Amino acid sequence: MKNSPPQKKAPSPAELSNPYGLLCYDQLPEWRKDNPYIYTQYRPISHSYKACLKSLFYLHNQTGNIYSHLLFFFPVLALIIHNSLALAGVRTLSIQPRSDDVLAFSAFFAGAAMCMSFSTAYHTFMSHSEYVASRGKLLDFAGITCLIWGSMMPTLYYAFNCETDVMKKYMVTFSTFGVMALLYFLSPLASNPTAQKMVIPLFVIFAASGILPLAHGVQLYGWDRMDELVGLKYVLLHGAIYAASLGPFLTKFPECWLPGKCDMWFSSHQIFHVAIVLAASVHFLGLIKAFQFQHAHTQMLICPLLNTWKGDVLHVL
Ligand SMILES: [Zn+2]
């Protein structure tokens, strides 16, 4: 007698409503439990990069975190290509940038691209395994370090390009801090949960130390002149957006008020991601303003002009 082929079992109503096997918080392994106010929509731990990549095509509670940075990566990439053309001497703007302008903007674009790509990779592959999630988290921190460094370099360039010794000192100091932070994130020490509690204070100190050169610039040239030189209002707004986003990030607001209601959208981490994109965009507008101002004067004229401004400030004091 011929055996009949095995009949495929019909999916249960629960399987039909949850085809990707998304989990609740209580079903997660201990290492994956980091936000008790997000109740549902967790991807299962897959131990598969392919499964993690497939999760880009359905909704789960990391979709917002992934796409908020993945979608921003593409305009940054377009600007990198545009910048590379300018560096190669291809005329793409009505104002032809100097090679120093292009390098200054390159630092910003590189920092933004690393932050967006590392963050996207972390949130995509965090459901692979504990090891991949923990290494990815450190990569994410490294990306934020790159973005802070990349934001500071062009601002220092436009603030002090007529005070080259001062500019070099600030650039070397910030780059040293940045490299030290990166080495820390690559070291075994950073995997320690206690050491990870130091990450946010470290970022705050690193970013806040950017106020010192700005204050130095205001002391040299005055507030209005510094605003023209570096787009100071934009730079400060960019810092204020970062500072404001730390509140939701640290307190897990709004989901701590609305447990289970922000599982898919509007969670504190998504707000933090959108704030990073917004702050980087505002900073970019400030850099454009600085670029346009400095090219409204030739390099020959801007330095004597700055010396006049310094004289004005001393006169007022
Ligand atoms: Zn993130």
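State all residues of the range 112-132 that are farther than 21 Å from Val102 by Cα and within 12 Å of the ligand (Cβ to nearest atom); if no residue qualifies, say none. Hits for the range 112-132 are Phe118, Ser119, Thr120, Ala121, Tyr122, His123, Thr124, Met126. Applying the condition of being of a type in the set (Phe, Trp, Tyr) and within 14 Å of the ligand (Cβ to nearest atom) to the range 243-295 and asking which residue is modelled with the highest pLDDT yields Phe272. I'd like to check something: does the range 122-135 contain any residue that is in contact with a Phe, Trp or Tyr (Cβ under 7 Å, 6 or more places away or on another chain), surrounded by fewer than 19 Cβ atoms within 10 Å (Cβ to Cβ) and within 26 Å of Ala240 (Cβ to Cβ)? Within the range 122-135, none of the residues are in contact with a Phe, Trp or Tyr (Cβ under 7 Å, 6 or more places away or on another chain), surrounded by fewer than 19 Cβ atoms within 10 Å (Cβ to Cβ) and within 26 Å of Ala240 (Cβ to Cβ).
Of the residues making up the range 93-132, those that are hydroxyl-bearing (Ser, Thr, Tyr) and within 19 Å of the chain's Cα centre (by Cα) are Ser106, Ser117, Ser119, Thr120, Tyr122, Thr124.
Taking the criterion of being assigned to a helix (DSSP H, G or I) and under 13 Å from Lys137 (Cβ atoms), the residues of the range 169-198 that qualify are Phe185, Leu186, Ala190, Ser191, Pro193, Ala195, Gln196.
Hey, any hits in the range 89-99 for a residue that's farther than 25 Å from Leu156 by Cα and either assigned to a helix (DSSP H, G or I) or without any contact (Cβ under 8 Å) to a residue 60 or more places away in the chain (or both)?
Yes, there is a match, as at least one residue in the range 89-99 is farther than 25 Å from Leu156 by Cα and either assigned to a helix (DSSP H, G or I) or without any contact (Cβ under 8 Å) to a residue 60 or more places away in the chain (or both).
Set side by side, the residues Leu138, Leu156 differ, and just one is within 16 Å of the ligand (Cβ to nearest atom), touching a residue at least 40 places away in the same chain (Cβ under 8 Å) and not charged (D, E, K, R), which is Leu138.
Selection of first residues in the range 187-211 that are over 15 Å from Gly239 (Cα atoms) and of second residues that are not small (Gly, Ala, Ser), restricted to Cβ pairs under 6 Å at least 6 apart or on distinct chains, gives the following pairs, ordered by first then second residue: Ala190/Leu138; Ala190/Tyr184; Ala195/Leu189; Val199/Phe141.
The values are calculated or read from the model by the stated rules, or taken from the named source; none is laboratory data. Just so we're clear, the structure is a prediction, and the values are computed from it rather than from any experiment. For neighbour counting, all protein chains shown are included, and Cβ atoms are generated from backbone atoms with ideal geometry for every residue, glycine included.
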